2 protein chains.
Amino acid sequence: MSRHEQSITSRETDYSEWYLDVLKAGQLFDYSPVKGCMVIRPHGFAIWEAMKDDLDRRFKETGHVNAYFPLLIPMSFLSKEAEHVEGFAKECAVVTHHRLRACEIDGKPGVEPDPTSKLEEPLVLRPTSETIIWNMYRDWISGHRDLPILINQWANVVRWEMKTRPFLRTTEFLWQEGHTAHATQDEAVEETVKMLGVYADFAEEIMAIPVVKGVKTANERFAGALDTYCIEAMMQNGWALQAGTSHFLGQNFAKAFDVTFQDADGERKHVWATSWGVSTRLVGAVIMAHSDDTGLVLPPKLAPIQVVITPIWKGEAQRDELLDYAYGVRDELKAVGIRVQVDTRDNMKPGAKYFEWERKGVPLRLEVGPRDMQKESVFAARRIGGKKFPIPVAGVAARVQEVLAEIQQEMLDKALAFRQERTYRCDSYDEFQGLLESQGGWYLVPWCDDSEQEDIIKAETRATVRCYPLEGQEEIEGKVCFKTGKPATHMAIFARSY
Amino acid sequence: MSRHEQSITSRETDYSEWYLDVLKAGQLFDYSPVKGCMVIRPHGFAIWEAMKDDLDRRFKETGHVNAYFPLLIPMSFLSKEAEHVEGFAKECAVVTHHRLRACEIDGKPGVEPDPTSKLEEPLVLRPTSETIIWNMYRDWISGHRDLPILINQWANVVRWEMKTRPFLRTTEFLWQEGHTAHATQDEAVEETVKMLGVYADFAEEIMAIPVVKGVKTANERFAGALDTYCIEAMMQNGWALQAGTSHFLGQNFAKAFDVTFQDADGERKHVWATSWGVSTRLVGAVIMAHSDDTGLVLPPKLAPIQVVITPIWKGEAQRDELLDYAYGVRDELKAVGIRVQVDTRDNMKPGAKYFEWERKGVPLRLEVGPRDMQKESVFAARRIGGKKFPIPVAGVAARVQEVLAEIQQEMLDKALAFRQERTYRCDSYDEFQGLLESQGGWYLVPWCDDSEQEDIIKAETRATVRCYPLEGQEEIEGKVCFKTGKPATHMAIFARSY
């Protein structure tokens, strides 16, 4: 089989292999020669671009501006915040030299780091930018009129991961990181929660993935945060995926970098901070949540190609006529902003074309043959299934817009139903262990917020607390912990996760 | 003086200091703790974003797609293309470790690279991505149907520069790099020239900077290219700035990375390559080309804020009325896509506000006082000067659009006239030396394309060949070289440059 025809492992057979097969068949990524780093191919990058455009608009609408801070961070900065260095030191790529020199390697000309170019202080590649940014905020903030600062950055970051998986966990990844500075605690907490809401709305409206908004336990908290809020999504194997986080950092970084302001009352105070981010991991999430054993399934709002038109002709004369017809439809769709392409290749059978576009996740295919042309219609096939149906050319753009909106909604509904079916309530740890093993899924349980017990459960079941959902905590009243029998403090979701 | 009120050195006094002062006063950048790396502040980043959006649209319209390749490149890749490594080895930041460990530094807790995490093969931070990309293209190209590949990447790159200057030359910078693969030499050359045209159009239409399109000499060519095309712009001190380059790479990288394809004739052939890029240096160019001794001057098409409305009131009642009036005008401008802001601050005098917006380069200020309100108009002041004039509120949006377009055009005309006045013809080297020293500027001279002579001229005058202009080469016929007296081969522009 050629590389374009490789088969896709079914989800049931091997979910991890299925995921990699879908990525490969959809030409979304490729392995790079550097372990853990991936190449994002054009079809995969276009999905990230669509995400980026929409998120960037949401950030700007909520008053944020973009900036850019250096990739290289002085090594000593990391250790200024004790928990932060604890969390990131083990994953840092370190630059130690700034020049190569010629040398011989196995008798051939090669290069090596030039020892005379050794840096006095090594630099780390940013694993996240709190330290370099708060170092700058010290100079930018002096009075309360300088606050709030609402800055976002789109950037690459490097975390040296031992186990990697394309899009979900890679050594280098692309992300955005918001870093805001506020005069009061209330304002910072409000910002943290607001941005969590922006992420949740984006996930549901654009990615067609329902998410649970919640708070992390101390074990799962960002290194340096007082509270980490998150959105959690369910994948098709019942595992959870943390799709975005928003951190209330308190005054930790302001104290570590000595960032104070003169308040309206004349007093000098430390500044309050938040940070929040989502990454190319979202591309992995959208694929894992929606794709099937045939290949990629993309929600229309993220699909680089939303509609493909496939004319089917016999002979030259018919070809020209049909292509004209297809281009006419294409132009009407383009005019209303639909991302559409006509498949004009004449060296492929229709079946092979359909197969390829299905693997690439194009939401809607419009087949055009001589009979469709005669009837002044096109024949529509949805990537998510259902009977094929004709669409009259008169009013085709409006109808296709409707169909795309229906597909988007159905995908969200399906994902929501899937999650609801696989979210179980459970009051006993024994029962939890058995169910998790046999059926997977998420478990909403009364819990006593105990880090050591959490470690034990993780060791025994590979499940962790994904979050304390923001909604529904009131029902904890009077319940006991499903593990310890002590009075419960939180309703928690336990699950295996990426 | 507070940091907001620092004075700006005049261009005449010290052009370099003037440039730094303009950047600082406009809050475009800040120095970072890592030598040679800069922080791009929101007002500066917004200029880059506007450039990026427009360029990205032009790239897509010419058939290109975006992708992303890793930051980290195996050190050995650099040496696969002999000239390439020669050009970049001296500027490479090298990653040698992937973990930090706790240690004591001067008796305090610190971190150091963990020796047990030393990499078997060091990695370099991409100074440019030809090597990693052509390594991938080897797997992506097998037949002629896989060609052309027209990929662009927006990314950060690192070149360890000894002498840096914000935006113009920094250790890390942001850029785009196009990397295309073609079946034939003709097609690759055509792509190289096409992208040079895209850059030139962008520079003139968006940056309001006229550029000369040309070809570099061997001395100034990209390391690994057969031909480097460039656009050159004149700064206000008469120096040249290379604003973008487009390289015809021949088959050098295809041979170094063994990238071949089976052609329609059944033969295996090496692939032809181009690469082309522009960077955040363009932000520096636009500032150096247009700004004045008062501060930043931005062309309307790049200005993050195109129009600022400054209401001037006395007392609370008048304030509310005037703000309503100002918001009304704002909404009309917004509705047609003008980037507009109302300055509502009540702790500043109008003069101080005007001063600040001028320093930030806002092209048009609309002053609004009680009398303007009475006359149902606003009072317009252009950043580039000229008499202030009233604009009636009826039809304000259309009129402001016209005024912004006029400003854009005037800026281009002025820059073009400036360049024409300071581009001199010269047939004698002695004369050239004297004139360059006394009046600066560009010198269009007959030249014999001799690398050694070029080095001598550079050592004696600090001027280099900026390019052989694409237009006007026919006049070389029968001329002799201004330096050697030998038959001239090219009309060349000599100038000092950034």
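The values are calculated or read from the model by the stated rules, or taken from the named source; none is laboratory data. Computed from a predicted model, the values in this text were never measured in an experiment. Positions of Cβ are generated from backbone atoms using ideal geometry, with glycine treated the same way; all protein chains shown enter the neighbour counts. Note: areas computed on protein heavy atoms with side chains; ligands, DNA, RNA excluded. Shrake-Rupley method; radii C 1.70, N 1.55, O 1.52, S 1.80 Å.
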Check on B:Thr62, assigned by TED's automatic domain parsing to the domain that holds B:Ala254 and at pLDDT 95 or above
yes
For the range B:48-57, check the following and say yes or no: at least one residue is under 30 Å from A:Trp160 (Cα atoms), open to solvent by less than 20 Å² (accessible area, probe 1.4 Å) and out of contact with any helix residue (DSSP H, G or I) (no Cβ under 8 Å at 6 or more places or on another chain).
no
Out of A:Leu72, A:Leu23, sole residue that is in contact with a Cys (Cβ under 9 Å, 6 or more places away or on another chain), closer than 21 Å to B:Gln153 by Cβ and either touching a residue at least 60 places away in the same chain (Cβ under 8 Å) or within 9 Å of another protein chain (Cβ to nearest Cβ) (or both):
A:Leu72
With a cut-off of at least 1 residues that are at pLDDT below 95 and not acidic (Asp, Glu), name the helices (runs of 4 or more DSSP H) lying wholly within the range A:268-366.
A:316-335, A:350-359
Which residues, counting only those in the range A:111-128, are in contact (Cβ under 8 Å) with a residue 12 or more places away in the chain and at the interface with another protein chain (Cβ under 10 Å from one of its Cβ atoms)?
A:Glu112, A:Pro113, A:Asp114, A:Ser117, A:Lys118, A:Leu119, A:Glu121, A:Pro122, A:Leu123, A:Val124, A:Leu125
For B:Met162, all conditions in the list (1) at pLDDT below 95; (2) within 8 Å of chain A (Cβ to nearest Cβ); (3) closer than 30 Å to B:Leu241 by Cβ hold save one; what is the number of the exception?
(2)
For A:Gly44, indicate whether it is within 16 Å of the chain's Cα centre (by Cα) and surrounded by 20 or more Cβ atoms within 10 Å (Cβ to Cβ).
yes
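Tally up the residues in the range A:53-89 that are part of a loop (DSSP other than H, G, I, E, B), of a type in the set (A, V, I, L, M, F, W, C) and out of contact with any Ser or Thr (no Cβ under 8 Å at 6 or more places or on another chain), please.
Matching residues across the range A:53-89 total 2.
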Only one of B:His84, B:His4 is on the phi < 0 side of the Ramachandran plot, modelled with pLDDT under 95 and open to solvent by less than 10 Å² (accessible area, probe 1.4 Å). Can you tell me which?
B:His84
From the residues in the range B:26-52 that are in a loop (DSSP other than H, G, I, E, B) and in contact (Cβ under 8 Å) with a residue 24 or more places away in the chain, which one is farthest from A:Leu72 (Cα to Cα)?
B:Gly26
Where the second residue is open to solvent by 60 Å² or more (accessible area, probe 1.4 Å) and the first is on the phi > 0 side of the Ramachandran plot and lies in the range B:253-271, which pairs have Cβ atoms under 8 Å and are six or more apart or on separate chains?
B:Asp258/B:Arg138
If we keep just the residues of the range A:187-240 that are basic (Lys, Arg) and either open to solvent by less than 50 Å² (accessible area, probe 1.4 Å) or in contact (Cβ under 8 Å) with a residue 40 or more places away in the chain (or both), which is farthest from A:Ala289 (Cα to Cα)?
A:Lys194
Suppose we keep only residues that are in contact (Cβ under 8 Å) with a residue 60 or more places away in the chain, more than 11 Å from B:Phe253 (Cβ to Cβ) and not charged (D, E, K, R) within the range B:133-146. Which one would you say is surrounded by the fewest Cβ atoms within 10 Å (Cβ to Cβ)?
B:Gly143
Checking A:Glu104 against (1) charged (D, E, K, R); (2) outside any strand (DSSP E or B); (3) more than 8 Å from chain B (Cβ to nearest Cβ), the condition it does not meet
(2)
Filtered residues of the range B:5-25 (kept if among the aliphatic types (A, V, I, L, M) and assigned to a helix (DSSP H, G or I)):
B:Leu20, B:Val22, B:Leu23, B:Ala25
All but one of (1) of a type in the set (A, V, I, L, M); (2) farther than 30 Å from B:His43 by Cβ; (3) more than 24 Å from the chain's Cα centre (by Cα) hold for A:Ala93; state the number of the condition that does not hold.
(3)
Filtering the range B:416-456 down to residues that are under 18 Å from B:Gln236 (Cβ atoms) and either in contact with a Ser or Thr (Cβ under 7 Å, 6 or more places away or on another chain) or among the basic types (Lys, Arg) (or both), which residue is most open to solvent (accessible area, probe 1.4 Å)?
B:Arg422
With the requirement that a residue be touching a Lys or Arg at 6+ places or on another chain (Cβ under 9 Å) and either open to solvent by 70 Å² or more (accessible area, probe 1.4 Å) or not acidic (Asp, Glu) (or both), what does the range A:99-124 give you?
A:Arg99, A:Leu100, A:Arg101, A:Val111, A:Pro113, A:Pro115, A:Thr116, A:Ser117
Just the residues that are touching an Asp or Glu at 6+ places or on another chain (Cβ under 7 Å) and within 8 Å of chain A (Cβ to nearest Cβ), please, taken from the range B:141-154.
none
Answer with yes or no whether A:Ala394 is on the phi < 0 side of the Ramachandran plot and open to solvent by 20 Å² or more (accessible area, probe 1.4 Å).
yes
Odd one out for B:Leu78 among (1) open to solvent by 10 Å² or more (accessible area, probe 1.4 Å); (2) at pLDDT below 95; (3) in the same structural domain as B:Ala256 (by TED's automatic domain parsing)
(1)
